[in-house]
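Participant: There's a structure below that I have some questions on.
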Amino acid sequence: MEHEILCKPDFAAIRIKLAQGEQVSAEPGAMVAMDSSIKIETAAKGGFLKGLKRAVVGGESFFMNTFTAETGEGSLYLAPAVPGDLHHIVLSGAPFYLQSGAYVASDKSIEVDSKWSGAKTFFGGEGLFMLQCSGEGNLWFSSFGAIHEVDVQGSYIVDTGAIVAFENTLNFNVKSVGGLKSLLFSGEGLVCEFNGTGKLYIQTRQPAGFVSWVNPFRPKKSNNN
């Protein structure tokens, strides 16, 4: 299986070249274009219960699409729902964690499940669950803005909304960026302090900040009463 990430980092898309018989799984709506030799099948990956768990508690789609090069090799183009970057890694068996919404595609052999991450993520504003990807094979994930890779050696602090993904060799705790005044007025809020040795992927923009910036420009319905 060959792949290429195009148009980085603003409006990234993936071109995956499948040999006959090869398969790749992807989020519904990610397909941009594909050769006619590729066929699509939609199902709840991992069964009904895992699909339901991903949808209800992980914020992901209940169904996933599987693309198969049935009648010969062919190219498949995929893109995430929001503008931003894409990154590719190869999993070698150890779990790998993604924030909800970051998953785009993977080899069919990769298991994608919702993982309880404790009440600390609730207070961090990122929800109670994240995605755990495990198995061996290709994984593609996306961000809002560009993706920056950090090699953590010891301790590293990042805003909760900037986290995209991290290796299972890292653990984290949510805390305030400073004192009460900083928490309330700095605009930074809560942060995650990662500890350990491993790779951390952060995004250079945050959806919440973009929404706050756009909000004053929204048309407002006038009250004629």
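The values are calculated or read from the model by the stated rules, or taken from the named source; none is laboratory data. Everything numeric in this text was worked out from a predicted model, so none of it was measured. Ideal geometry is used to build each Cβ from the backbone, glycine not excepted, and the neighbour counts take in all protein chains shown. Areas reflect the complete protein model, heavy atoms only, side chains present, ligands, DNA and RNA absent. Shrake-Rupley method; radii C 1.70, N 1.55, O 1.52, S 1.80 Å.
Participant: For residues in region 72-112 being of a type in the set (D, E) and part of a strand (DSSP E or B), which is modelled with the lowest pLDDT?
Facilitator: For region 72-112, the residue satisfying everything is E111.
Participant: For the subset of region 8-29 comprising residues that are modelled with pLDDT of 95 or more and part of a loop (DSSP other than H, G, I, E, B), which member is farthest from E136 (Cα to Cα)?
Facilitator: So, considering only residues that are modelled with pLDDT of 95 or more and part of a loop (DSSP other than H, G, I, E, B), the one farthest from E136 (Cα to Cα) is A12.
Participant: Then there's this: What is the number of the single condition among (1) at pLDDT below 90; (2) among the aliphatic types (A, V, I, L, M); (3) open to solvent by 80 Å² or more (accessible area, probe 1.4 Å) that V191 does not meet?
Facilitator: (3)
Participant: Name the residue, out of G101, G93, G74, that is surrounded by fewer than 22 Cβ atoms within 10 Å (Cβ to Cβ), of a type in the set (G, A, S) and either under 15 Å from L18 (Cβ atoms) or touching a Leu at 6+ places or on another chain (Cβ under 7 Å) (or both). Break it down into steps so the answer makes sense when it comes.
Facilitator: Details: G101 fails: either under 15 Å from L18 (Cβ atoms) or touching a Leu at 6+ places or on another chain (Cβ under 7 Å) (or both); G93 fails: either under 15 Å from L18 (Cβ atoms) or touching a Leu at 6+ places or on another chain (Cβ under 7 Å) (or both).
Being surrounded by fewer than 22 Cβ atoms within 10 Å (Cβ to Cβ), of a type in the set (G, A, S) and either under 15 Å from L18 (Cβ atoms) or touching a Leu at 6+ places or on another chain (Cβ under 7 Å) (or both) holds for just one of G101, G93, G74, which is G74.
Participant: Tell me yes or no: at least one residue of region 135-152 is more than 23 Å from L78 (Cα to Cα), at pLDDT below 95 and not in a loop (DSSP other than H, G, I, E, B).
Facilitator: Checked region 135-152: no residue is more than 23 Å from L78 (Cα to Cα), at pLDDT below 95 and not in a loop (DSSP other than H, G, I, E, B).
Participant: To continue, here is another question. Report the residue count in region 145-173 for those that are over 12 Å from I202 (Cα atoms) and crowded, with 20+ Cβ neighbours inside 10 Å.
Facilitator: Here the count works out to 1.
Participant: Here's another thing I want to ask about it. Quick one: in region 35-45, of everything that is open to solvent by 70 Å² or more (accessible area, probe 1.4 Å) and assigned to a strand (DSSP E or B), which residue is nearest to T71 (Cα to Cα)?
Facilitator: K39
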